[in-house]
Each structure stands twice: as C-alpha cells, then as structure tokens.
Amino acid sequence: MKPLPKKYGISFYLLLYFIIGVAHAEDTLAKQRDARSPATPVTQLELYAADKDWKVRREVATNRRAPASLLYQLASDPVIEVKIAVATNISTDEKTFMLLADDPDATIRSVVARFEFVPSSVLDKLANDNSVDIRLEVARSFNVTDATLNRLMHDEYPEIRQVAAQRLAQ
C-alpha cells in the first residue's frame, strides 16, 4: 500500500475519514428505513436480509410484509436481536416459530413463549423445554391449550403446577 502524500495535513485526512463515516452511517440508516417499510419490494427485502449490518437485517425481520421464507431464514441469524425481531413479527408462521422454539438461546425461546400471537402448537412444544422458566412462561400464556396445561399439571416444579391449575380453573 502506498503511503499518503504528505502535502495534506493530518486534519485533512481526519476530515476525509469523518466524511466517509458519516456517508456510511447515512447509507445504513436509509437501508434500515427501506427494510422496515411495508412498501419495499420482496426482491429488495431479500437483499437486505443478507446485509452485513445486523441492524438492516433486524429491520427486515420486523417488516410485516416480509415473506415467510425470509423470516424463516432470519430465524437462524447469528445476532439475537434479529431473531427476537422475527419472534415478535405478527407475520411469522408456525414453521418459523417451531424453528425458534428449538433455538439454543433460552432468551429466544422465552420471547417465543411470551409472544401473544404464538400458535398453541409451539407452546405445546415449549412445554417440554429443559428450562423451568420457559415452561413457566408457557403455563402463563394466553394461547396455551387445556391439554398442554393438563400436561404441565404433572411438572416437577410446584410453581408450574400451581400456575397451570390456576389457568385451568379460569
């Protein structure tokens, strides 16, 4: 790499670096706005879903017009904030919720268990989770079926059994 010419002072290079940084930030913000817009074409959302900036991918994951296949893809994103956005998108389908219910991160499974629009089949699956906290969230969910609550009545933890009993009595 060629050294920079010395005819410009350090101030010039700092200003240049700042301008490039600002331009990049503005570009990222524009992509984020476009990615969350319901009017953005699917072909553009697909490009944004592969963006190197996780904040752009997160905005795609929040877009209620994002196709199910794209949300399914984003449910495997390495960044937790992107997965949470998928888990709280009202357009997320059962197949994607099932994938998120198997996520190794308990935070993701907890968000799924607490989301008010999660299908009862996913809650039924989460009722078998290794985490006591996740099973407790399932027992507290408004979408949990009586069959799942009856199964939770036999959980090894008394608090889960108690919540399940209270929910069945309602």
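The values are calculated or read from the model by the stated rules, or taken from the named source; none is laboratory data. It should be emphasised that the depicted structure is a prediction, and the values quoted were computed from it without experimental measurement. Side chains are part of the model used for accessible areas, which takes the heavy atoms of the whole protein and leaves out ligands, DNA and RNA. Shrake-Rupley method; radii C 1.70, N 1.55, O 1.52, S 1.80 Å.
Using the alpha-carbon positions of the range 129-168, Rg (one decimal) and Dmax (whole number) come out as 8.5, 23 Å. Cα to Cα, under 17 Å, and not fewer than 8 places away if on the same chain: which aspartates and glutamates meet these conditions relative to Lys95? Partners found: Asp77, Asp103, Glu116, Asp124. Glu156 exposes around 140 Å² of accessible area when a 1.4 Å probe is run over every protein chain in place. Largest accessible area first, the listed residues Lys52, Lys125 line up as Lys52, Lys125 when surface is computed with a 1.4 Å probe on the assembled protein chains. Couplings 3J(HN,Hα) for the range 86-99, derived from phi with the Karplus relation 6.51 cos²θ - 1.76 cosθ + 1.60 (θ = phi - 60°), are 5, 5, 10, 8, 5, 8, 5, 8, 4, 4, 6, 4, 4, 5 Hz, where x marks Gly and Pro. Is there a pair in Lys31/Lys125; Lys52/Lys125; Lys83/Lys125 whose C-alpha atoms are over 27 Å apart, and which pairs would that be? Violating the 27 Å Cα-Cα cut-off are Lys31/Lys125; Lys52/Lys125. Per residue, the range 93-170 exposes 54 Å² of solvent-accessible protein surface, assessed with a 1.4 angstrom probe and all protein chains in place. Which distance in Å, rounded to a whole number, links the C-alpha centroids of the range 55-125 and the range 132-170? The distance from the Cα centre of the range 55-125 to that of the range 132-170 comes to 23 Å. Taking the 1.4 Å solvent-accessible surface of the range 66-170 as the whole, the part contributed by carbon and sulfur is 50%.
Of the residues Arg33, Arg151, the one with the largest accessible area comes first in the ranking Arg33, Arg151, computed with a 1.4 Å probe on protein heavy atoms. Working note: Karplus 6.51/-1.76/1.60 with θ = phi - 60° gives the range 36-50 the couplings 8, 6, x, 8, 5, x, 4, 4, 6, 4, 4, 5, 5, 5, 9 Hz, where Gly and Pro are set to x. When Ser91, Ser110 are compared by accessible area of protein heavy atoms, the largest-first order is Ser91, Ser110, using a 1.4 Å probe. Surface calculation, 1.4 Å probe, protein heavy atoms: Asp93 sits at approximately 50 Å² accessible.
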